[in-house]
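All remarks here apply to the structure that follows.
The values are calculated or read from the model by the stated rules, or taken from the named source; none is laboratory data. Note that the structure is a prediction, hence the values are computed from the model and not measured. Neighbour counts are summed over all protein chains in view; Cβ atoms, including those assigned to glycine, are modelled from backbone coordinates with ideal geometry.
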Amino acid sequence: MNFNLFSRIVMLLVLPLSQGMAQEDHATEIVRKSEELMQGDSYVSQMTMTIVRPTWERSISFKSWGKGRDLALTYIQSPASDKGQTFLKRKNEMWTWNPKISRLIKLPPSMLAQGWMGSDYSNDDILKESSIVVDYHHLVKNVVEFQGYTCWVIEMKPKEDAAVVWTKIVSYIAQEKYFPLKVEYYNEDNELVKSHLNSDVQMVDGREIPTKTVVQPADEPNKKTVVIIEQMDFDVSLKDQFFSQQNMKRVR
């Protein structure tokens, strides 16, 4: 075979592959910047979550600490019936402590998709077991206008060896700002399970981020969970030892 012809054939085969890799790298970088914006290397947050149902509402206040993707601790401040309950994540292990019964319970991976504290917010959401940067492939599918922002629409599908809850995630990330405005979560049948709708963009500890999230189940429009960031400090000094089973029982 003519060498020049052979080279052209090789280039035709390799070019689409390299272009696809470049596109995924670009999408991954967008997702990485978005996650860094919303979490930083570490954080301390104060939030209120309101569970809305057709006949009742229930509000929960909680404080959370996080460091990297492996360490997270959440303390329930109110209501009084739940005060003192804590949730801990260390790498792939997750625990809950209930002071009323003085019992420490390890959460199995099967509970990741279940609602946290009876809400539409999952255990995976609050403990951030999955990393949307590390555990998924990323691809920019479109660019659209959403809530007054030009957004990348990024599709995420899990890597082959990733132990994740969702088989597809679609995120609307504002260009230049890098915060997510909508995130859709799909199950193994490619059915939309829920959406996170983010709004009320404000300056929080020097960062412009959405401070309100409405978690909307796809098949139950009369139900929702509203999460409000009341205060958040980024890149705080937290030692790994802070995230311990012992500290679950004394943190405030």
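Return the total of residues in the range 167-180 being touching a residue at least 24 places away in the same chain (Cβ under 8 Å) and either touching a His at 6+ places or on another chain (Cβ under 8 Å) or of a type in the set (S, T, N, Q) (or both).
3
Looking only at the range 166-218, filter to residues that are in a loop (DSSP other than H, G, I, E, B) and of a type in the set (Asp, Glu); which one of those is farthest from SER110 (Cα to Cα)?
As a first pass, look at the range 166-218 and keep what is in a loop (DSSP other than H, G, I, E, B): 166-167, 175-179, 187-191, 205-206, 218.
If we keep only those that are of a type in the set (Asp, Glu) too, we end up with 176, 188-189, 191, 205.
Numbers: GLU176: 37, GLU188: 15, ASP189: 18, GLU191: 19, ASP205: 35 Å.
Restricting to residues being in a loop (DSSP other than H, G, I, E, B) and of a type in the set (Asp, Glu), the top hit is GLU176.
Does TYR149 fit the bill of being farther than 21 Å from PHE243 by Cβ, crowded, with 17+ Cβ neighbours inside 10 Å and of a type in the set (Phe, Trp, Tyr)?
For TYR149, the condition - farther than 21 Å from PHE243 by Cβ, crowded, with 17+ Cβ neighbours inside 10 Å and of a type in the set (Phe, Trp, Tyr) - is not met.
Inspect the range 93-116 for any residue being among the β-branched types (Val, Ile, Thr), touching a residue at least 12 places away in the same chain (Cβ under 8 Å) and out of contact with any Lys or Arg (no Cβ under 7 Å at 6 or more places or on another chain) and give the result as yes or no. Before the answer, list the steps.
The first filter runs over the range 93-116 and keeps only residues among the β-branched types (Val, Ile, Thr), leaving 96, 101, 105.
In the following step, the residues that additionally are touching a residue at least 12 places away in the same chain (Cβ under 8 Å) were identified as none.
Taking every residue of the range 93-116 in turn, none turns out to be among the β-branched types (Val, Ile, Thr), touching a residue at least 12 places away in the same chain (Cβ under 8 Å) and out of contact with any Lys or Arg (no Cβ under 7 Å at 6 or more places or on another chain).
Sort through VAL44, VAL52 and tell me the only one that's closer than 22 Å to VAL193 by Cβ and at pLDDT 95 or above.
From the options VAL44, VAL52, the qualifying one is VAL52.
GLU208: within 18 Å of the chain's Cα centre (by Cα) and farther than 26 Å from LYS157 by Cα, yes or no? Don't jump to the end; show me each part of the working.
Details: within 18 Å of the chain's Cα centre (by Cα): yes; farther than 26 Å from LYS157 by Cα: yes.
Criteria met by GLU208.
Picking from ILE105, ILE60, ILE101, which residue would you name as being exposed (fewer than 15 other Cβ atoms within 10 Å of the Cβ) and assigned to a strand (DSSP E or B)? Show your work before the answer.
Details: ILE60 fails: exposed (fewer than 15 other Cβ atoms within 10 Å of the Cβ); ILE101 fails: assigned to a strand (DSSP E or B).
Of ILE105, ILE60, ILE101, the one residue that is exposed (fewer than 15 other Cβ atoms within 10 Å of the Cβ) and assigned to a strand (DSSP E or B) is ILE105.
Of the residues VAL164, VAL144, VAL153, VAL183, only one is in contact with a His (Cβ under 9 Å, 6 or more places away or on another chain) and not charged (D, E, K, R); which? Walk me through it before giving the result.
Values: VAL164 fails: in contact with a His (Cβ under 9 Å, 6 or more places away or on another chain); VAL144 fails: in contact with a His (Cβ under 9 Å, 6 or more places away or on another chain); VAL153 fails: in contact with a His (Cβ under 9 Å, 6 or more places away or on another chain).
Result: VAL183 is the single residue among VAL164, VAL144, VAL153, VAL183 that is in contact with a His (Cβ under 9 Å, 6 or more places away or on another chain) and not charged (D, E, K, R).
When residues of the range 207-223 are filtered for being touching a residue at least 24 places away in the same chain (Cβ under 8 Å) and under 14 Å from PHE234 (Cβ atoms), how many remain?
Residues meeting the conditions: 3.
Can you name every residue in the range 156-176 that is at pLDDT 95 or above and in contact with a helix residue (DSSP H, G or I) (Cβ under 8 Å, 6 or more places away or on another chain)?
MET156, SER171, ILE173
Inside the range 64-83, can you point out the residues that are in contact with a strand residue (DSSP E or B) (Cβ under 7 Å, 6 or more places away or on another chain) and touching a residue at least 24 places away in the same chain (Cβ under 8 Å)?
SER64, TRP65, GLY66, LYS67, LEU71, ALA72, LEU73, THR74, TYR75, ILE76, ASP82
Restricting attention to the range 137-153, does a residue exist that is in contact (Cβ under 8 Å) with a residue 40 or more places away in the chain, within 28 Å of GLU220 (Cα to Cα) and over 15 Å from the mean Cα position of the chain (by Cα)? Walk me through it before giving the result.
Of the range 137-153, the ones in contact (Cβ under 8 Å) with a residue 40 or more places away in the chain are 137-140, 147, 152.
Checking which are within 28 Å of GLU220 (Cα to Cα) leaves us with 147, 152.
Cutting the leftovers down to over 15 Å from the mean Cα position of the chain (by Cα) gives us 147, 152.
Yes, there is a match, as at least one residue in the range 137-153 is in contact (Cβ under 8 Å) with a residue 40 or more places away in the chain, within 28 Å of GLU220 (Cα to Cα) and over 15 Å from the mean Cα position of the chain (by Cα).
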